[in-house]
Amino acid sequence: MKRDPYNHKRRYLAWKMSTREGIPDLTVADSRLVLNFIGDMEVGRNIGRGTKKGPRGYARLNNLRHRLVFLAKQAEARYLLGGMTEVNDEQIHDLFGSMRSGALPRRDGRPYRSTGDYVKVFKAFWHWHMKVQRKRGVEIPDICLDLDPRTEKPPWVYLTYEQVQLLSQHAKHRYRVLMLFLFDSGIRSPTELVNVRVNDLSHDCSKLQIREETSKTFGRRINLLLCRDLLRSHINSHQLCGDDYVFPINPTVVNRYFKDLARRVLGDGRSPGGSCFPRLTLYDFRHSAACYWLARYKSESALKFRFGWKRGSMIEYYTHFLGMTDTITEDDLHIGEERTEMEKRLADAESCRTLLEERLEAMEGQMKRMLLVVRKVSDGADLPLSVEAALPHRSSPS
């Protein structure tokens, strides 16, 4: 059974039950339209071209219905429309432009940071609407072609490995294990984190299996290099085994503890990620882990696998964040046959050097033995057999 820390299923089913008679504050036409769209997404019907087939999860359904209801209300109020499907190209561009500029602010008066996420929801809805109408023989123009789906990256708390170690030294034991595990694995938290069982770990805690059914993208098996000893000790001390959850946490409680700990240990300053240390959350460890492992992985595909990314856009983001530069040198130009020939020459040179060293060592030994003979002769002493054997043989006079 997959654990649901945000209660997405319960919240969606409660909303579905409360809207059986329609969605409050929407016109009858828009209410019916939104409910039909969400209902199709729930079972995976009339999915847009080029998108993943199959039913959407409860987290996605909650995201769709929340943002789409907001857009429907704004379209009705701003442009006096009878329904959201009456919006035109100019109006929808104006709506999203106002959200980005702050002309249509959030409740706290600030511009929307996630305007791109609203654009993606609207595109999913509009393409669904086009497909439904096409089945009825009606062609609907695509007004989404020029919409900008980009979203401004929100600020986050960036931690170095040294800062994570410093925090762990001042943390309670269970939080110390948790922090190092988060930083080591880069696991999505709390969704993937709370579903980790003892059976998902190898016996020495050096490998972690993130199961397909608990991952946002795909299952994967990764190596743990920074926390395995502490993690193994944690499991043994709590006598966890089998299907026991390793971190049965309450995300709200943990985030509150992290914020207080960061304030006490790191102060109130602003991190390079743009957010102040006292705003530290579970997910910030994933961001920081990505920066840590980015400089250590030799392959982009391997890094994408570890973090469960399907596209390389996140690698590009963290690369720019770290200010990484081009490190290629002239030595990197020697590839293929040229590099093979150079390596062969180096091997031959190394073999010759070894042979010369052995010969020199033999000559030095022989000279030492000859010096010993000279000293014995000058002292008038008898030569030991081993020394006599060491002398060069001279032929007797004829």
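Numerical summary
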quantity	calculated
Top-ranked residue in segment 200-221 [being open to solvent by less than 20 Å² (accessible area, probe 1.4 Å) and in contact (Cβ under 8 Å) with a residue 60 or more places away in the chain; ranked as farthest from the chain's Cα centre (by Cα)]	Thr214
Scan of segment 1-35 for residues that are open to solvent by 30 Å² or more (accessible area, probe 1.4 Å), closer than 18 Å to Thr85 by Cα and touching a residue at least 40 places away in the same chain (Cβ under 8 Å), ordered by number	Asp25, Thr27, Ala29, Leu33
Residue count, segment 212-228 (criterion: in contact with a helix residue (DSSP H, G or I) (Cβ under 8 Å, 6 or more places away or on another chain), more than 26 Å from Gln165 (Cβ to Cβ) and assigned to a loop (DSSP other than H, G, I, E, B))	2
Of the criteria (1) on the phi > 0 side of the Ramachandran plot; (2) in a strand (DSSP E or B), which one Gln209 fails	(1)
Single residue of Leu81, Leu104, Leu95, Leu145 found to be hydrophobic (A, V, I, L, M, F, W, C) and over 36 Å from the mean Cα position of the chain (by Cα)	Leu81
So Asp142, is it open to solvent by less than 70 Å² (accessible area, probe 1.4 Å), farther than 24 Å from Tyr317 by Cβ and among the acidic types (Asp, Glu)	yes
The lone exception for Tyr158 - which of (1) farther than 30 Å from Tyr292 by Cα; (2) touching a Cys at 6+ places or on another chain (Cβ under 9 Å); (3) part of a loop (DSSP other than H, G, I, E, B) it fails	(1)
Qualifying residue in segment 337-348 (condition: in contact with a helix residue (DSSP H, G or I) (Cβ under 8 Å, 6 or more places away or on another chain), modelled with pLDDT of 65 or more and open to solvent by 90 Å² or more (accessible area, probe 1.4 Å))	no
Odd one out for Glu152 among (1) in a loop (DSSP other than H, G, I, E, B); (2) open to solvent by less than 50 Å² (accessible area, probe 1.4 Å); (3) within 30 Å of Leu261 (Cα to Cα)	(2)
Meets criteria (surrounded by fewer than 18 Cβ atoms within 10 Å (Cβ to Cβ), within 23 Å of the chain's Cα centre (by Cα) and assigned to a helix (DSSP H, G or I)) for Asp184	no
Where Arg107 falls short, out of the listed (1) modelled with pLDDT under 95; (2) out of contact with any helix residue (DSSP H, G or I) (no Cβ under 6 Å at 6 or more places or on another chain); (3) buried (at least 18 other Cβ atoms within 10 Å of the Cβ)	(3)
Qualifying residues in segment 115-136 (those that are under 31 Å from the mean Cα position of the chain (by Cα) and either open to solvent by 30 Å² or more (accessible area, probe 1.4 Å) or without any contact (Cβ under 8 Å) to a residue 12 or more places away in the chain (or both)) - the one farthest from Asn63 (Cα to Cα)	His127
So Ser299, is it under 25 Å from Glu152 (Cα atoms), of a type outside the set (Lys, Arg), at pLDDT below 95 and open to solvent by 40 Å² or more (accessible area, probe 1.4 Å)	no
Segment 40-67, residues that are over 13 Å from His129 (Cα atoms) and part of a helix (DSSP H, G or I)	Glu42, Val43, Tyr58, Ala59, Arg60, Leu61, Asn62, Asn63, Leu64, Arg65, His66, Arg67
Number of positions in segment 95-131 that are closer than 25 Å to Leu35 by Cα and among the acidic types (Asp, Glu)	1
Cβ pairs under 9 Å, 6+ apart, first in segment 231-244 and under 18 Å from Val194 (Cβ atoms) and modelled with pLDDT of 95 or more, second acidic (Asp, Glu) and part of a helix (DSSP H, G or I)	Leu231/Asp184
Scope segment 229-268; condition under 19 Å from Asp204 (Cβ atoms), assigned to a helix (DSSP H, G or I) and of a type in the set (S, T, N, Q); matching residues	Ser233, Asn236, Ser237
Yes/no for Leu225 being open to solvent by 50 Å² or more (accessible area, probe 1.4 Å), closer than 27 Å to Leu61 by Cβ and either out of contact with any Cys (no Cβ under 9 Å at 6 or more places or on another chain) or aliphatic (A, V, I, L, M) (or both)	no
Cβ pairs under 7 Å, 6+ apart, first in segment 95-109 and under 18 Å from Leu147 (Cα atoms), second among the β-branched types (Val, Ile, Thr)	Phe96/Thr115; Phe96/Val119; Met99/Thr115; Arg100/Thr115
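The values are calculated or read from the model by the stated rules, or taken from the named source; none is laboratory data. Keep in mind the model is a prediction, meaning the values are calculated, not measured. Here Cβ is always computed from backbone atoms with ideal geometry, including for glycine, and neighbour counts include all displayed protein chains. Ligands, DNA and RNA are excluded from the accessible area calculation, which covers all protein heavy atoms including side chains. Shrake-Rupley method; radii C 1.70, N 1.55, O 1.52, S 1.80 Å.
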